[in-house]
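*Asks:* Here it is, the structure, as structure tokens.
Since every read-out is calculated from the coordinates, none of them should be taken as a lab result. What you see is a predicted model, and the numbers here were worked out from it, not measured in a lab. Every residue, glycine among them, receives a Cβ derived from its backbone with ideal geometry; neighbour counts consider all protein chains shown.
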């Protein structure tokens, strides 16, 4: 499984959405992506990629695309 597939899978499972929806998601677009859902998503990403995200990165993680940008830039995860 590629990092892209893993990342997408985490979004789909965390928020129970299809691929097309996951790729366009932004924080609070859907009821599941509230503050609790956000922390669950972060925990799943940290587990899957074996990282510990900084508080600023967690706060800035505001969309599917922004998350990829943060992970690539700050945690050397290639997509």
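*Asks:* For the pair residue 47/residue 16, report the inter-label distance in nm, with labels modelled 7 Å from Cα in the Cβ direction.
*Replies:* 1.8 nm
*Asks:* When the helices in the chain are scored as -39500 (n - 2.57) per DSSP H run of 4 or longer and the sum is shared across all residues, what 222 nm value do you end up with, to the nearest 500 deg cm²/dmol?
*Replies:* On the way: 5 runs with 52 residues, N = 79.
When only DSSP H runs of four or more count, the value is -19500 deg cm²/dmol.
*Asks:* Related question: What's the exposure ranking of 36, 17, going from fewest to most Cβ atoms within 10 Å? Could the numbers behind the result be given before it?
*Replies:* Details: 36 9, 17 18.
So the residues, fewest neighbours to most, are 36, 17.
*Asks:* Using the 10 angstrom Cβ neighbour count as an exposure proxy, how do 41, 8 rank, fewest first?
*Replies:* Numbers: 41 22, 8 18.
Ordered from fewest to most neighbouring Cβ atoms within 10 Å, 41, 8 come out as 8, 41.
*Asks:* Continuing with the same structure: For the range 3-75, what is the convex hull volume of the alpha-carbon atoms per residue, in Å³?
*Replies:* Per residue, the Cα convex hull of the range 3-75 comes to 76 Å³.
*Asks:* Right, here's the next one. For the range 3-75, calculate the relative contact order in percent as a whole number, restricting contacts to Cα pairs under 8 Å that are 6 or more residues apart.
*Replies:* Numbers: 48 pairs, mean separation 23.2, N = 73.
Computed over the range 3-75, the figure is 32 percent.
*Asks:* Ok, one more. Exposure proxy check: 39, 52 ranked by fewest other beta carbons within 10 Å?
*Replies:* On the way: 39 11, 52 8.
Listed from fewest to most nearby Cβ atoms, that is 52, 39.
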